[in-house]
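Visitor: Could you have a look at this structure, given as structure tokens, before my questions?
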Amino acid sequence: MQNPNAKRRTFLKTASGLMLAPAMPLVSSNVFAQDNSVVVGTWGGDYQNLLQKIVNPLTDSKVIFDTGNAVARATKIRAERTSRRGSMDVCLLQDVDMYDLSQLDVFEPATPKDMPNLANIFEQFKTGYSIPHIFSAMVLVYNKEKIPTPPDSFSAAIDPKYRGRVGFSDILFVANTLFAGLANKGNTSSFEPGMKFLAEIKKNDPKIFPSNEAVAAALKSGEIWMTCMWKARALQWQDAGLPLGFVIPKEGAVAVTFEGAVPKNSRNKPGAYNYLNTMLNPKGQVEFAKAMGYAPTVRNADMPADLKDRVSFTDSELKRVFAYDSKNLVDGKVACLDYWNKSFKAGA
């Protein structure tokens, strides 16, 4: 069997990557779909804004966003799985969270019959229960004015000279823990090394922020000088004028795919399939790459060479980008969240 990390690297070397259109007005969340409406469970912030601007106008349905964090969304899917009708038509989650829920058999099969654009996705992203929307990897982001020499390892987070200057996004606890674990001789199959290293970082007074946007604000103000974040976000922040650099540490980085699925108790499955199929629109994927810096997941996205260079990775970097081992991580995710909330985040 081919090594999954090698497959990810092949993708990053070859991926090209939604057509911008006028944005629809935002409709309040937590509303059941009626008539031709599609309820899309997602994160807020920039990602939702771009869905609204890029994807919504290309669908045939009225889109209602059910906005919240991933834990709340996954909890809702679990709580409603025996209900005849659920409150979401489309559930958007990170890969490891989506895999976790798929073990409960709560999603409809994802096939090209219902979503023709699935035929164009890269092989390594096929799951049978979800569509892959966008891809990136977590990197070490730093303020070049405060840290002129790029750190080559996330072990820098425990250096006393950065006391109180390292920040984390609360909503990325899974990726944060795995990323920290790589600096502690760990891998992407277990949270244990990461939790142990976070305990060391805790001694250096890190700051925890409620969202990715709040991390950006803290970097801009100088409150923090270092974080771990998706490369795509770092590119956005650079474009916004922040004096940031980013590196893939010598110990490696964590790959991520953001996915979408249709719950079996969706009230509007045709509309849900149409929405997810539109998320794989090749022209739209190029626009997402331009706007957010995430790499496309479909092979027919025609990216300009400069954009491809911007959102992809060098051969040397690819050797240090590791995919989630979702199967082995599922059982430890609850313990990871418990540690993050009760030990690492407490008092930060």
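Visitor: Which ³J(HN,Hα) values in Hz, rounded to whole numbers, follow from the phi angles of segment 51-62 under the Karplus curve 6.51 cos²θ - 1.76 cosθ + 1.60, where θ = phi - 60° and Gly and Pro get x?
Guide: 4, 5, 7, 9, 8, 3, x, 8, 9, 9, 10, 7
Visitor: Now a separate question. Could you list which residues have their amide H under 5 Å from that of Gln94, counting only those 5 or more apart in sequence or on another chain, with H placed in the peptide plane?
Guide: When sequence neighbours closer than 5 places are left aside, the close amide H contacts are Glu259.
Visitor: Also, I was wondering about something else. For the chain, give the percent of accessible area contributed by carbon and sulfur heavy atoms, probe 1.4 Å, rounded to a whole number. Write down the numbers at each step before the final one.
Guide: Details: 7070 of 14270 Å².
Solvent-exposed carbon and sulfur of the chain make up 50 percent of the total.
Visitor: If I stretch the segment between Ala199 and Asp152 completely, what's the gain in nm (0.36 nm per residue apart, minus their alpha carbon distance), one decimal?
Guide: Details: separation 47, 0.36 × 47 = 16.92 nm, distance 2.06 nm.
Taking 0.36 nm per residue and subtracting the Cα distance, the gain is 14.9 nm.
Visitor: On to the next question. Based on the Cα atoms of the chain, what semi-axes does the equivalent ellipsoid have, where each is the square root of 5 times one gyration tensor eigenvalue, given in whole Å with the largest first? List each step's numbers first, then the result.
Guide: On the way: eigenvalues 198, 98, 77 Å².
Listed largest to smallest, the semi-axes of the chain are 31, 22, 20 Å.
Visitor: List, in order, the whole-Hz ³J(HN,Hα) value for each residue of segment 261-268 obtained from phi through the Karplus relation with A = 6.51, B = -1.76, C = 1.60 and θ = phi - 60°; use x for Gly and Pro.
Guide: Karplus-based 3J(HN,Hα) across segment 261-268 equals 8, 10, x, 5, 9, 4, 7, 9 Hz.
Visitor: Of the beta bridges DSSP finds with both residues in the chain, what % are antiparallel, to the nearest 5?
Guide: Working: 24 of 39 bridges.
Here the share of antiparallel DSSP bridges comes out near 60 percent.
Visitor: For segment 329-335, just list the computed ³J(HN,Hα) in residue order, Karplus coefficients 6.51, -1.76 and 1.60, θ = phi - 60°, integers in Hz, with x standing in for Gly and Pro.
Guide: Per-residue couplings from phi come out as 8, 4, 5, x, 5, 5, 5 Hz.
Visitor: Oh, and also: Could you tell me the ratio Rg/Rh of segment 207-247? Both radii from Cα atoms, Rh via Kirkwood. Display every interim value, and only then the final one.
Guide: Working: Rg = 9.2 Å, Rh = 10.3 Å.
In segment 207-247, Rg relative to Rh is 0.90.
Visitor: Can you list the residues, at least 5 places off or on another chain, whose amide H is less than 5 Å from the amide H of Phe65, using H built in the peptide plane?
Guide: Under 5 Å from the amide H of Phe65 lie the amide H atoms of Val27, Val40, each far enough along the sequence or on another chain.
Visitor: Run the count for segment 226-348, please: Lys pairs, Cα-Cα under 28 angstrom, 8 or more apart or on different chains.
Guide: Final tally of qualifying lysine pairs is 28.
Visitor: For Leu244, which sequence-distant residues (separation of 5 or more, or a different chain) have an amide H within less than 5 Å of its own amide H, given hydrogens modelled in the peptide plane?
Guide: Lys144
Visitor: Still on this structure, please answer the following. What's the magnitude of the charge dipole for segment 206-342 around its Cα centre, counting Lys and Arg as +1 and Asp and Glu as -1 at the beta-carbon? Answer in Debye, nearest 20.
Guide: On the way: 18 positive and 14 negative charges, 74 e Å.
Dipole of segment 206-342, to the nearest 20 debye: 360 debye.
The values are calculated or read from the model by the stated rules, or taken from the named source; none is laboratory data. Here the structure is a predicted model, which means the values were calculated and not measured. Cβ sites come from the backbone with ideal geometry, for glycine too, and all protein chains shown count toward neighbours. Side chains are part of the model used for accessible areas, which takes the heavy atoms of the whole protein and leaves out ligands, DNA and RNA. Shrake-Rupley method; radii C 1.70, N 1.55, O 1.52, S 1.80 Å.
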